[in-house]
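*Asks:* I am attaching a structure below and will ask some questions about it afterwards.
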Amino acid sequence: MALLRQRQAQGANATEIEKKIKRGNALRQGSAWRGYRGPVAMLVVALTVCGVTLWLYMASLDSDITETLVSQSELVSVQPRVYTVQCSEDYENYKRYPGCTPQKCGRAVTDRVVTREEAQALRRLAERGLALAGSEGGASILDLHSGALSMGKQFVNIYRYFGDQIGDVFTQEDFELYRDVRGRIQAVIAETFGLDPTLMYLTKPTFFSRINSTGAKTQHDEYWHPHIDKVTYGSFDYTSLLYLSDYGSDFTGGRFVFMDQNGNRTVEPRTGRVSFFSSGSENLHRVERVTWGTRYAITVSFTCDPAHGISDPALP
């Protein structure tokens, strides 16, 4: 019996010792973790900082700005700033028109063709017209030639839809200014590319655009996709944009991006600035998404094919 009690006591002691060992190990592990907690926290912070830095670096590599051809703050007021590029073969698929079909291709920017005051007047014209309706998404258009106006997810003809009320929205002076500016844009394109301006014809679509950061509702709102005007429209030989608002103050995003094989080249909009280029795949391009504010512009397009020519707009 004494031997049994001795064994039971030893067993109880062993159990108690085992519990103490476990408690000691737990305390030591806790103490060890408290010792490592500071360095581990510092490591987590360091990894986070490295991750953010890497993300910002990678984002900068994907920036749309490889080269800024003309910034908003610059004033190109003497001669157009011209960047020559090799013509693509796109024009070979169409009938050629001597004196108009591109022999020299490129892109150019000028601030001397349209005054700031004239551009502001055209913007007010666009604002009045687009106030009649507008897209549900971020991109609305007003085409004075065809009468097309964005309305919700569709388009209406402003001349038919609003009838006699149009005379309360637009004036003859508005249309005269529009025609005068169009003629000056045509002249500077002809001069820059060595063309006969009488062999150039206005073509469709030629329109006002209003773009903001509202999400797209239809494919018509998705203005940011890369495209080639000659491929998309067929009739285009020369494309121009007259900007009616300022990048950086009226809106952010919305820069015009030429997408070349060796990098992107951008034009920053400035009120009264005209950017123009040959319409083939030598000038693949897109517009950045507008992230804030409202961007106004006019797209004015020209063809060498008289069959695709359109007339200047006029009030009904």
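*Asks:* Taking region 180-206 only, how many residues are open to solvent by less than 70 Å² (accessible area, probe 1.4 Å) and not in a loop (DSSP other than H, G, I, E, B)?
*Replies:* Just the residues of region 180-206 that are open to solvent by less than 70 Å² (accessible area, probe 1.4 Å), to begin with: 181-190, 192-197, 199-200, 202-203, 205-206.
Restricting the remaining residues to those that are not in a loop (DSSP other than H, G, I, E, B) gives 181-190, 192-193, 197, 199, 202-203, 205-206.
Count: 18.
*Asks:* While we're here: Yes or no: region 134-157 includes at least one residue that is open to solvent by 90 Å² or more (accessible area, probe 1.4 Å), free of Cβ contacts under 8 Å to residues at least 40 places away in the same chain and over 27 Å from the mean Cα position of the chain (by Cα).
*Replies:* No, every residue in region 134-157 fails to be open to solvent by 90 Å² or more (accessible area, probe 1.4 Å), free of Cβ contacts under 8 Å to residues at least 40 places away in the same chain and over 27 Å from the mean Cα position of the chain (by Cα).
*Asks:* Within region 65-109, work out how many residues are closer than 19 Å to THR239 by Cα, open to solvent by 30 Å² or more (accessible area, probe 1.4 Å) and either polar (S, T, N, Q) or outside any helix (DSSP H, G or I) (or both).
*Replies:* Count: 18.
*Asks:* Going by the conditions given, is HIS220 closer than 28 Å to CYS100 by Cβ and touching a residue at least 24 places away in the same chain (Cβ under 8 Å)?
*Replies:* In short, no.
The values are calculated or read from the model by the stated rules, or taken from the named source; none is laboratory data. Here the structure is a predicted model, which is why all the values come from computation and not from measurement. Here the Cβ is made from the backbone with ideal geometry for all residues, glycine too, and neighbour counts use every protein chain on show. Ligands, DNA and RNA are stripped out before the accessible areas are found, and what is left, the full protein with its side chains, is counted by its heavy atoms. Shrake-Rupley method; radii C 1.70, N 1.55, O 1.52, S 1.80 Å.
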